[in-house]
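Asker: One structure, as structure tokens, below. Some questions next.
Nothing in this text is a laboratory measurement; each read-out follows from the coordinates by a stated rule. All values reported here derive from a predicted model rather than from experimental measurement. For neighbour counting, all protein chains shown are included, and Cβ atoms are generated from backbone atoms with ideal geometry for every residue, glycine included.
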Amino acid sequence: MADFIEIRPNELTDNPFELIGKDWALVTAKNGEGCNTMTASWGGVGIMWNKPVAFTFIRPQRFTFGLMENENYYTLSFFDDSYRRQLQFCGTKSGRDVDKIAECGFTPVYDGDAPYFEEARLVLVCRKLYAQTLNKESIISEKDVLPQYAANDYHKMYISEIVKVLKKG
Ligand SMILES: Cc1cc2nc3c(=O)[nH]c(=O)nc-3n(C[C@H](O)[C@H](O)[C@H](O)COP(=O)(O)O)c2cc1C
């Protein structure tokens, strides 16, 4: 069992722009008795409804999308640089076609219904609070946003309470 310690969200010292945008996250949710994971580099963390939250954006064609819809919990896991190849793999292969977790050699750990990986250096355990699909009518700057949705595949935004932060001790 990995040596994670639980810290409060306020104790996080990572820069969120680096963490999400540059290091990337794995979004992991239960898939039956097991789990599936995909890479994400869009999203954020902050405060909403007086709670620490994560904002996660998933396109409808992802295998992960159906899992996110079914489950109340998911995790965002962050890794050190030595896992870059695995994160690239999990961002280009689908759980529909391949057992990414086995291929990457990740060791799933379950915190109740929230799966994460022993190999992570930081894990945010997320509980869904609110979800909404982005839409064309709400776009304010079409030149910035519309090109992202040529296939009409608008992300669904999940605002989730960060119920636990686990950090390698
Ligand atoms: C660096 C990187 C960041 C990504 N960020 C997102 C994201 O924020 N949201 C999303 O829906 N897909 C994102 N993707 C694409 C998914 O990770 C990719 O389509 C993956 O194969 C989906 O796996 P799944 O079908 O098992 O869910 C990203 C891919 C990469 C390589």
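Asker: Which order results if L87, L129, L19 are arranged by neighbouring Cβ count within 10 Å, fewest first?
Answerer: Least crowded to most crowded, the residues run L129, L19, L87.
Asker: Now for a different question. What FRET efficiency, computed as 1/(1 + (r/R0)^6) with R0 = 25 Å and r the Cβ-Cβ distance, is obtained for E103 and A131, rounded to the nearest 0.05?
Answerer: My answer for the efficiency is 0.30.
Asker: With the alpha-carbon atoms as the only input, what is the per residue convex hull volume for segment 27-124 in Å³?
Answerer: Dividing the Cα hull volume of segment 27-124 by its residue count gives 107 Å³.
Asker: Let me ask another. If you take all C-alpha pairs in segment 70-110, what percent of them are over 12 Å apart?
Answerer: The answer is 68 percent, as a whole percent.
Asker: Here's another thing I want to ask about it. Given a cut-off of under 8 Å on Cα pairs at least six residues apart, what relative contact order in percent is computed for the chain?
Answerer: Rounded, it is 31 percent for the chain.
Asker: How big is D for the chain, in µm² s⁻¹ as a whole number, if Stokes-Einstein is applied with the Kirkwood radius of its Cα pairs at 10 °C and 1.306 mPa s?
Answerer: Once the numbers are plugged in, D ends up at 97 µm²/s.
Asker: For T92 paired with I139, estimate the spin-label separation in nm (one decimal), with each label point 7 Å from Cα along the Cα-to-Cβ line.
Answerer: So the two model labels end up 2.8 nm from each other.
Asker: Which of the GluC sites (Glu not before Pro) found in segment 103-158 are loop residues per DSSP with 10 or fewer other Cβ atoms within 10 Å of their Cβ?
Answerer: For GluC sites (Glu not before Pro) across segment 103-158 that sit outside H, G, I, E and B with at most 10 neighbouring Cβ atoms in 10 Å, the list is empty.
Asker: Right, another one. Set Lys and Arg Cβ to +1 and Asp and Glu Cβ to -1, take the dipole of segment 66-122 about its Cα centre, and tell me which of L122, G105, L87 lies farthest positive.
Answerer: L87
Asker: Hey, another quick one. Rounded, prolate or oblate: which fits segment 84-156 when a ≥ b ≥ c are the square roots of the eigenvalues of the alpha-carbon gyration tensor, with rounded for a/c under 1.5 and prolate only if a/b beats b/c?
Answerer: Here segment 84-156 falls in the prolate category.
Asker: For segment 88-148 and segment 35-69, write down the distance between their C-alpha centroids in whole Å.
Answerer: 6
Asker: Right, next: Calculated from DSSP H runs of 4 or more alone, at -39500 (n - 2.57) each and per residue, what is the 222 nm mean residue ellipticity of the chain, nearest 500?
Answerer: That calculation yields -3000 deg cm²/dmol at 222 nm.
Asker: Once fully extended, how much extra length lies between K51 and N152, figured as 0.36 nm per residue of separation less the alpha-carbon to alpha-carbon distance?
Answerer: Separation in residues times 0.36 nm, less the Cα-Cα distance, equals 33.2 nm.
Asker: Charges at C-beta only: +1 for Lys and Arg, -1 for Asp and Glu. How large is the resulting dipole of segment 4-168 about its Cα centre, in Debye rounded to 20?
Answerer: That gives segment 4-168 a dipole magnitude of about 180 debye.
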